[in-house]
1. Cβ-Cβ below 6 Å, separation at least six or inter-chain, first residue in region 195-213 and in the same structural domain as V127 (by TED's automatic domain parsing) and within 16 Å of the ligand (Cβ to nearest atom), second at pLDDT 95 or above and among the basic types (K, R): which pairs?
2. On the given criteria, is E41 of a type in the set (D, E) and free of Cβ contacts under 8 Å to residues at least 24 places away in the same chain?
3. Wholly within region 260-310, which strands (runs of 3 or more DSSP E) include no fewer than the required count, namely at least 3 residues that are at positive phi?
4. Do we find a residue being free of Cβ contacts under 8 Å to residues at least 60 places away in the same chain, among the aliphatic types (A, V, I, L, M) and either in a strand (DSSP E or B) or under 24 Å from I268 (Cβ atoms) (or both) anywhere in region 44-67?
5. Between residues in region 107-126 that are at positive phi and residues that are modelled with pLDDT of 95 or more and surrounded by fewer than 17 Cβ atoms within 10 Å (Cβ to Cβ), which pairs lie under 9 Å by C-beta distance while being six or more apart or on different chains?
6. Out of all the residues in region 171-181, which are over 14 Å from the mean Cα position of the chain (by Cα) and in contact (Cβ under 8 Å) with a residue 12 or more places away in the chain?
7. Just to check your reading of the model, which residue among E47, E63, E33 is in the same structural domain as K129 (by TED's automatic domain parsing), of a type outside the set (A, V, I, L, M, F, W, C) and within 16 Å of the ligand (Cβ to nearest atom)?
8. What number of residues within region 76-96 satisfy the criterion of being assigned to a loop (DSSP other than H, G, I, E, B), in contact (Cβ under 8 Å) with a residue 12 or more places away in the chain and surrounded by fewer than 19 Cβ atoms within 10 Å (Cβ to Cβ)?
Amino acid sequence: MARIITVGAAQLGPLQLKDTKANAIARMIRLLERARVRGVELVVFPELALTTFFPRHFHENLEDADHWFEQTMPSPDTEPLFAAARKYGIGFHLGYAEIAHEADETGVVRKRRFNTSILVNGTGDIVLKYRKVHLPGHAEYDHRRCIQHLEKRYFEVGNLGFPVIRAPMGGLSGLNMGMMICNDRRWPEAWRVLGLQGVEMVTLGYNTPSTNQSAATQTGGGFEAPHLRVAHSHLSIQAGCYQNATFAVATAKAGVEDGCELFGHSIIVNPQGEIMAQATSWDDELITADCNLEQVQLGRSTIFNFAEHRRPEAYARITDQTGAVEPPVWVRPSNPSESDASSSLTRVDDRKAAS
Ligand code: ING
């Protein structure tokens with residue numbers, strides 16, 4: 001019996017500073033209604049979907065930024081979205097700014113802020129929560145920048161890992177779902193941790209500037225040439241899907257927000273890394289695809305059969321190190337018999353023996 005689910009990326013156009021959360025929710029409900037007409041069973045909304053991308057704005061006191069956040073979920077502003085989703089029996093992925101009062105690693109309960117997403121099924125149950133791990137940008141106001149990117153100021157690093165859950169979604173009795181948020185898509189480790197839990201559908205939202213203004217490039221090109229912006233985003237998502245034999249729905253918030261341009265190009269990608277659908281506007285736009293979950297079997301039973309082919313004993317650096325280290329410098333061996341290039345390297349066998 002084919003396991004097929006129809007998914008949708010509900011791309012949002014720009015949200016200005018003056019726009020209210022109610023305005024954003026109304027636009028999202030209109031996209032849900034369009035999704036219902038097209039038989040969509042799971043809709044993915046962008047990162048921080050309720051407001052303008054507020055990390056581009058500096059607040060000296062964090063409390064002055066609290067209005068960007070949700071203290072409960074559903075919150076008063078998002079309840080209408082949950083109600084519409086229940087009415088239509090449509091699941092959704094929502095990105096939002098979360099304030100939680102919970103213990104930190106020292107056991108102290110305190111007010112904590114995260115860049116968060118949730119997966120809600122067609123009955124309105126929150127089946128999974130994720131908090132963004134890879135926070136780009138900076139924590140203090142950077143006078144060199146024309147556009148700030150203060151995610152490290154407003155959010156803590158996510159403390160939920162990269163979880164996967166198998167839960168009912170649409171007509172499926174069970175779908176293995178996992179999430180990431182925006183910058184996470186650029187890190188292969190995020191995809192592989194989900195892949196090692198059998199993920200079949202990765203849902204992610206993003207708010208990605210078309211150019212990053214920084215001191216080095218006041219000309220506006222940023223640290224990535226404009227023609228590569230979208231290419232790198234798609235490359236990351238297509239590679240993640242191919243290398244972990246999973247589907248992904250990646251949804252943008254797009255357009256010009258108070259003069260700052262975010263690119264759109266939302267996509268749905270299959271386990272072969274092929275783009276199944278792509279948004280072509282920078283406005284509210286729904287793209288959809290019928291995903292046959294049987295497609296995940298090809299990759300994970302051959303090239304990416306992890307149990308068969310992965311060699312974790314050779315991967316220690318991935319979790320032992322944070323930054324890169326300088327490699328050893330080769331010198332011509334004085335004794336020709338030592339010409340074996342690996343003689344100066346730490347062999348995995350030695351590492352295993354030492355452990
Ligand atoms: N935004 C961007 C992203 O990772 C960025 C930051 C832009 C990184 C361009 C690299 C290149 O898509 C968020 N919100 O993570």
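1. Note: pairs meeting the criteria are L204/R185; N207/K253.
2. Here the answer is no, as E41 does not meet what is asked.
3. none
4. yes
5. That search, which allows pairs on different chains as well, returns G124/A83; G124/R86.
6. Of everything in region 171-181, those that are over 14 Å from the mean Cα position of the chain (by Cα) and in contact (Cβ under 8 Å) with a residue 12 or more places away in the chain turn out to be G171, L172, L175, N176.
7. Working: E63 fails: within 16 Å of the ligand (Cβ to nearest atom); E33 fails: within 16 Å of the ligand (Cβ to nearest atom).
Matching residue, one of E47, E63, E33: E47.
8. 2
The values are calculated or read from the model by the stated rules, or taken from the named source; none is laboratory data. Treat the numbers as computed from the prediction; the structure is a model and nothing was measured. Cβ sites come from the backbone with ideal geometry, for glycine too, and all protein chains shown count toward neighbours.
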